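Q: Just dropping this structure here.
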Amino acid sequence: MTRTPPKKEGDKPTRTKTWDREPEFATISGLALFLGFSSRQVFDDCMRSGKYSEILKRGCLRVEAFYESRLHQHSTSGAIFALKSMGWNEKHESKTTDETTLKTLSIKIIESGPKPVSSEKEVTIQETIEAPPNNAIQHQNHTNDPMTQ
């Protein structure tokens, strides 16, 4: 920090941040190194089930927010690659697949009627002859036709 004297009487001196190099971009590996982890694997294990997992998740979310902000700049390919490696996807998928349970539908085939045949040779045709109804016979006997009397 450098201190600049006030320009006018009564003004406060201004403080300016100065550094000897440009600030580094936020990365997950950089976060792990800064926090003293020896590898990404140890960092990931601690983030999943460690004592400080919520704090580490928040740090990763901060890095993710940095990459997301880079999407508004001219060259976004690096930010897109980083976000994809963090689980981002180009397609909009519903999150219901994690929340719903898949159900299995059982289908039971019940046979009804005759079984289908595999060829025409298995088909047999039965002829049945039915007698005319009783009323038709009586009607023929009562006609005025001399041949029938």
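The values are calculated or read from the model by the stated rules, or taken from the named source; none is laboratory data. Note that the structure is a prediction, hence the values are computed from the model and not measured. Here the Cβ is made from the backbone with ideal geometry for all residues, glycine too, and neighbour counts use every protein chain on show. With ligands, DNA and RNA removed, areas are computed over all heavy atoms of the protein, side chains included. Shrake-Rupley method; radii C 1.70, N 1.55, O 1.52, S 1.80 Å.
Q: Kindly indicate the residue of the stretch 1-18 that is of a type outside the set (K, R) and in a strand (DSSP E or B) and also nearest to L83 (Cα to Cα) among those meeting that condition.
A: T16
Q: Please specify each residue of the stretch 19-43 satisfying the condition of being in contact (Cβ under 8 Å) with a residue 12 or more places away in the chain, assigned to a helix (DSSP H, G or I) and open to solvent by 70 Å² or more (accessible area, probe 1.4 Å).
A: Of everything in the stretch 19-43, just one residue is in contact (Cβ under 8 Å) with a residue 12 or more places away in the chain, assigned to a helix (DSSP H, G or I) and open to solvent by 70 Å² or more (accessible area, probe 1.4 Å), namely R40.
Q: Kindly indicate the residue of the stretch 44-60 that is among the acidic types (D, E) and over 17 Å from T27 (Cα atoms) and also most open to solvent (accessible area, probe 1.4 Å) among those meeting that condition.
A: Per the criteria, the residue is E54.
Q: Is it true that some residue in the stretch 116-133 is small (G, A, S), at pLDDT below 60 and either surrounded by fewer than 10 Cβ atoms within 10 Å (Cβ to Cβ) or in contact with a Gly (Cβ under 8 Å, 6 or more places away or on another chain) (or both)?
A: no
Q: Can you run down the residue pairs with Cβ atoms below 7 Å, 6 or more apart or on separate chains, where the first is in the stretch 64-89 and assigned to a loop (DSSP other than H, G, I, E, B) and the partner is of a type in the set (G, A, S)?
A: These pairs meet every condition: L71/A79.
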